[in-house]
Ligand SMILES: Nc1ncnc2c1ncn2[C@@H]1O[C@H](COP(=O)(O)OP(=O)(O)O)[C@@H](O)[C@H]1O
Ligand SMILES: [Mg+2]
């Protein structure tokens, strides 16, 4: 079963999975990072409280998060067709992936941003910093280790989603599992793919944890 | 320092948290205070008295719910956000738990206020290095806060607060997290900064020893009100309110040994402490007294001693002893409800 055709298939699947996961994560961060920061600063105890907008965006995020991904995948097909011209293939899958992931990213960024000690923010305020300066020079700096940890776990979630998208013609390793492992009953292939996915998750997790520790200057045994 | 050169003028200041709600707390009420340019002004009170609220109302980290605050003649309570940010650059602040950026080193912490006010990275770093030098940390520019001791962290915070050449430095329990030796060093640094740079310092504390060590004037805050204020030595010599007595007496309140004897608080200054006053009094009146509490302090470079004694309860003996003290020119007050 490990002939060159098969290896080619796996290589393509792997690259597609990486492509979907990375692009969807990037786009999710482009939306989720500012949204998460907004959710954090607009809290009642944030630097720019805005109960109305906070509740509005919070609700949108919660609604999107409560839809199971498989359902979202199907429900998003019209939108995906509209945006990408098709609903099949790894590029098309990025649309539902982003819809499912940006709310997760937003909540994760919100949690990181909100964990910055209030006293440090107050010190910045006492020095005459604007809210924008506080966000860029205090919150985003102080939250770096936590943001890295959050990014690793978001990436793993997106990777999982991308595999699920295989059910709906999403391409990537997930499609191979469905087509070969499920429809043709080639369980050997399925196990190989599971191992690959597990390794990918482990690598992301380990890299995230190490980067976060390395970035964190708030520990005695650094430098 | 002329008496009319007021740098901080506080008028009818009030702060009620959660106004109108069930959780409403009146943290400050009708606070009036003038702080003079160039002085070190102490604000002392027990925990929960409203000290932090008061100091935070000076730079509007907390919005007062009543009254006005003026700094160098400008009403800070009437400013819009943009003017307030500019005004805040002239009011440095340091905190009990330092509030340094933990992810950047000492130098970059001091650079922060410079960078946000438009300094280039290079200029900011140059000035920050000078400031670290000024607070005695020249060798530790590259250290992260987690690698510094409490005293060193407070030095970084002081350098950071001084970066924008403030006229006023607000200190909220700035030495409360430090051990006694470090406390003295930081207080001496603040004193030096006050003398050499002319920065007016407002010291918030719950410890009398901080006030004694560096303050020229003091206000005592209790239950959301300023209950007493004046020169440290005057307030110390003659505390009028219970709150002041509690803070100044060596061990808080004292209990009389038996219910009858009257309690006297004697205050000696540098000129009288040499004489064995109590011993002489006991000898001349022929009756013993109990010493309830005793303490000496250094204020403004002068030694003050205080003694709380319980007079004998026999008829006339208390009066005889007080007459003796009068004849020796010793200041004393009768304590009724310590
Ligand atoms: N943000 C806040 N919200 C509600 N109550 C507060 C807040 N900050 C302080 N208080 C209350 O105001 C009173 C004075 O607090 P504070 O000024 O911190 O006192 P101190 O600094 O003298 O210990 C206390 O009763 C405290 O519980
Ligand atoms: Mg306090």
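Please tell me the relative contact order of chain A in percent, rounded to the nearest whole number, where contacts are Cα pairs under 8 Å and at least six residues apart.
26 percent
Residues of B:94-101, mean number of Cβ from any other protein chain within 10 Å of their own Cβ, rounded to a whole number?
5
Averaged over B:169-179, how many beta carbons belonging to a partner chain fall within 10 Å of each residue's beta carbon?
What the average comes to for B:169-179 is 0.
Rounded, prolate or oblate: which one fits chain A, using the alpha carbon gyration tensor with axes a ≥ b ≥ c (rounded when a/c is under 1.5, else prolate when a/b beats b/c, else oblate)?
oblate
If I take every Cα pair under 8 Å that is 6 or more residues apart in region B:3-247, average their sequence separation and divide by the length, what percent do I get for the relative contact order?
26 percent
Within 10 Å, count the other beta carbons around each residue, average over each peptide in B:62-70, B:106-114, A:195-203, and list them highest first.
B:106-114, B:62-70, A:195-203
Quick one: if you stick a label point 7 Å off each Cα along the C-beta vector at residue B:320 and residue A:179, how many nm between them?
Roughly 11.5 nm, to one decimal.
Per-residue ellipticity at 222 nm for chain B, helices alone: DSSP H runs ≥ 4 residues times -39500 (n - 2.57), over residue total, nearest 500 deg cm²/dmol?
-10000 deg cm²/dmol
Kindly state, to the nearest 0.05, the FRET efficiency for residue A:84 paired with residue B:82, given R0 = 30 Å and r defined as their beta-carbon distance.
Rounded to the nearest 0.05, the efficiency is 0.10.
Per residue of B:109-116, count partner chain C-beta atoms within 10 Å of its C-beta, then hand back the mean as an integer.
4
In degrees between 0 and 90, to the nearest 10, how far off the longest principal axis of chain B does helix B:180-197 point, with axes built from Cα atoms?
Rounded to the nearest ten degrees, it is 70.
Using a Förster distance of 35 angstrom, determine the FRET efficiency expected from the C-beta separation of residue B:74 and residue B:121, and round it to 0.05.
After rounding, the FRET efficiency stands at 0.65.
Order B:203-214, B:303-314 from most to least packed using the mean count of other Cβ atoms within 10 Å.
B:203-214, B:303-314
For chain A, take the longest principal axis of its alpha carbons; what is the angle in degrees between that and the long axis of helix A:187-215, to the nearest 10 within 0 to 90?
20 degrees
Full-extension gain between residue A:63 and residue A:3, please, as 0.36 nm times their residue separation minus the C-alpha to C-alpha distance.
The residue A:63-residue A:3 span can extend by a further 17.0 nm.
For region B:3-247, rounded, prolate or oblate, judged on the Cα gyration tensor with a ≥ b ≥ c (square roots of eigenvalues), a/c < 1.5 rounded, else prolate if a/b > b/c?
prolate
As a test of the formula, what do you get for chain A when each DSSP H run with n ≥ 4 contributes -39,500 (n - 2.57) and the sum is divided by the residue count, at 222 nm and rounded to the nearest 500 deg cm²/dmol?
The helix contribution divided over chain A gives -24000 deg cm²/dmol.
Label-point separation (nm) for residue A:205 and residue A:131, each offset 7 Å from Cα along Cα-to-Cβ?
Taking the simple label geometry, residue A:205 and residue A:131 are separated by 3.9 nm.
Suppose each label sits 7 Å from its Cα in the direction of the beta carbon; what would the residue A:50-residue A:115 distance come out to in nanometres?
The modelled label-to-label distance comes out at 2.5 nm.
Over the Cα atoms of the protein assembly as shown, compute the convex hull volume and normalise it per residue, giving Å³.
217 Å³
First check a/c for region A:74-178, with a ≥ b ≥ c the square roots of the eigenvalues of its C-alpha gyration tensor; if it is under 1.5, answer rounded, and if not, answer prolate when a/b is larger than b/c or oblate otherwise.
It is prolate, given that a/c is not under 1.5 and a/b is the larger ratio.
If I fit a long axis through the Cα atoms of helix A:144-164 and take the longest principal axis of the Cα atoms of chain A, what angle between them do I get, 0 to 90°, rounded to 10?
Between helix and principal axis, roughly 30 degrees.
Return the whole-Å distance between the Cα centroid of region B:123-150 and the Cα centroid of region A:88-155.
Computed from Cα coordinates, the inter-centre distance equals 29 Å.
All of the numbers you see were taken from the coordinates with simple rules; none came from a lab. A quick note: this is a predicted structure, and the numbers were derived from the prediction, not measured. All Cβ positions, even for glycine, are placed from backbone atoms using ideal geometry, and neighbour counts span all protein chains on display.
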